[in-house]
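The values are calculated or read from the model by the stated rules, or taken from the named source; none is laboratory data. From a predicted model like this one, the values you see are computed outputs, not experimental measurements. Backbone-built Cβ (ideal geometry, glycine too); neighbour counts: all protein chains shown. Note: accessible area is taken over every heavy atom of the protein model, side chains too, but ligands, DNA and RNA are not part of it. Shrake-Rupley method; radii C 1.70, N 1.55, O 1.52, S 1.80 Å.
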Amino acid sequence: MKVLIVGGGGREHTIAYKVSKSPLLTKLYAAPGNAGISEVAECVPIKATDIDALVKFASEKEIDLTIVGPDDPLVMGIADAFKNAGLRVFGPDKAAAIIEGSKVYSKELMKKYNIPTAGYEVFDDSVKALEYIKQQNTYPTVIKAEGLALGKGVIIANDYETAANAIDDIMEKKVFGDSGNRVVIEEFLTGPEISVLTFTDGKTIVPMVSAQDHKRAFDNDEGLNTGGMGTFSPSRIYTKELEKECMDNIFVPTMNALNAEGRTFKGVIFFGLMSTEKGVKVIEYNARFGDPETQVVLSRLESDLLEIINAVVDEKLADVDVVWGDNAAVCVVMASGGYPTKYQTGYPITGIEEAEKIPDVKVYHAGTKLQGGVYCTAGGRVLGVTAVDGDLDKAIKKAYDAVSKIDFKDKHFRKDIGIKKDLIAR
């Protein structure tokens, strides 16, 4: 098979690496890819959101399957464009991707089909939003921009001033553009978070192994929200009992709800969950592989990823045996100093080869480029240093051993990924 992967971050490097191991593969392309992806795929300089150019490329190269990584092109309708051109594509169509593209839609879907989630209200007027916050007078309160915001559109406000600033930034200053035309104001849930990615072909839903993301920029969950500073798998609290509760109350009902709405979902649904005193509730849906959850989850996959993806596209997921390792994985994100706000790029990176000499360590590139044969920084999140071992504590130690081998100017990483035992809320 000739395969094209759309995207150029750590998630796409992980997918490319796993797909490159498949005996079904004959040629792998990535658009636009990155320096790490170029080791396993031919990178082509087409942006992930340039849908017309991607369709043209896939048609000309007679690509057998396109795997879409990021959220933007999915919400824009890349899957529809590929199908209309007679091309096979992995990822939901525009109608189904709305579960990530509109937080308002996803909340209304959950309410309609009794899928457990936090109580909420929706506002398209900043004055009314502020009146509601003042009237409720309960903190923390959660404020979400409706649309895509690079994982940064959720603000936890501990007081009125913070809430007012968030509403002003999102709705008036439009820091997230049109994603801030409406906001969801939500009750603050407490409890440990769990991330569960699932494969679904619209008829069958197969959960992957659980994970947990660390969103905040600094240790002890301090600082700004980022796209994710690290992850580990499995979650320390996701028992068989919780998995059954999620399957019965959340995963299958979500798939069925989308079918009932005429929005059949084929691809990966990412469930951001919280285990509260009143049961597991959905914090958010994503319509694709998470980043950096993919780095740890797919590191534990023993089955052929390309075979699974083909089965989803062909609606034959029930026929495939999805097998996971009885192990643990940890990913520590090495970022540019200043991320997620202002940062410099273009600095040489050393030590990746040394890090990967440690058994079961893989360094996934997120924001890198090759300059004169040298890896250089080219983004906020630069590398996802990922280690697999028999249990979480061993995997954590191994991941940080690998991190210690890698250097670039102004590097920044959290030193507590997977370590905090209680792992409470957001």
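Tell me, which residue of the range 239-268 that is in a loop (DSSP other than H, G, I, E, B) and at pLDDT 95 or above is surrounded by the most Cβ atoms within 10 Å (Cβ to Cβ)? Don't jump to the end; show me each part of the working.
First, the residues of the range 239-268 that are in a loop (DSSP other than H, G, I, E, B): 239, 261-266.
With the extra rule that they be at pLDDT 95 or above, the set shrinks to 261-266.
Values: Glu261: 16, Gly262: 8, Arg263: 19, Thr264: 18, Phe265: 25, Lys266: 22.
Out of the qualifying residues, it is Phe265.
Of the numbered criteria (1) of a type in the set (Ser, Thr, Tyr); (2) open to solvent by 70 Å² or more (accessible area, probe 1.4 Å); (3) in contact with a helix residue (DSSP H, G or I) (Cβ under 8 Å, 6 or more places away or on another chain), the one Tyr120 fails is (2). Look at (1) over 24 Å from the mean Cα position of the chain (by Cα); (2) open to solvent by less than 50 Å² (accessible area, probe 1.4 Å) and you find that Lys398 fails only one, number (1).
Could you tell me which of the residues Gly267, Gly262 is touching a Gly at 6+ places or on another chain (Cβ under 6 Å) and either under 15 Å from Asp71 (Cα atoms) or not aliphatic (A, V, I, L, M) (or both)? Write out each step before concluding.
Numbers: Gly262 fails: touching a Gly at 6+ places or on another chain (Cβ under 6 Å).
Exactly one of Gly267, Gly262 is touching a Gly at 6+ places or on another chain (Cβ under 6 Å) and either under 15 Å from Asp71 (Cα atoms) or not aliphatic (A, V, I, L, M) (or both), namely Gly267.
Only a single criterion out of (1) at pLDDT below 95; (2) open to solvent by 20 Å² or more (accessible area, probe 1.4 Å); (3) not aliphatic (A, V, I, L, M) is not satisfied by Lys203, namely (1).
Counting residues that are in contact with a helix residue (DSSP H, G or I) (Cβ under 6 Å, 6 or more places away or on another chain), which helices (runs of 4 or more DSSP H) fully inside the range 15-86 reach at least 3? I'd like the intermediate steps shown before the answer.
Values: elements: 51-60, 71-76, 78-84.
Per the criteria, 71-76, 78-84.
In the range 269-315, the qualifying residues are those that are within 19 Å of the chain's Cα centre (by Cα) and among the small types (Gly, Ala, Ser), and the one that is surrounded by the fewest Cβ atoms within 10 Å (Cβ to Cβ) is Gly272. Scanning the range 111-134 for residues that are among the acidic types (Asp, Glu) and either within 20 Å of Asp248 (Cβ to Cβ) or not in a strand (DSSP E or B) (or both) turns up Asp124, Asp125, Glu131.
Can you name the residue in the range 370-391 that is over 19 Å from the mean Cα position of the chain (by Cα) and of a type in the set (A, V, I, L, M) and, of all such residues, is most open to solvent (accessible area, probe 1.4 Å)? Spell out the reasoning first.
Of the range 370-391, the ones over 19 Å from the mean Cα position of the chain (by Cα) are 370-378, 388-391.
Applying the additional criterion that residues be of a type in the set (A, V, I, L, M) yields 370, 374, 378, 388.
On the way: Leu370: 94, Val374: 61, Ala378: 47, Val388: 25 Å².
If we take residues in the range 370-391 being over 19 Å from the mean Cα position of the chain (by Cα) and of a type in the set (A, V, I, L, M), then Leu370 is most open to solvent (accessible area, probe 1.4 Å).
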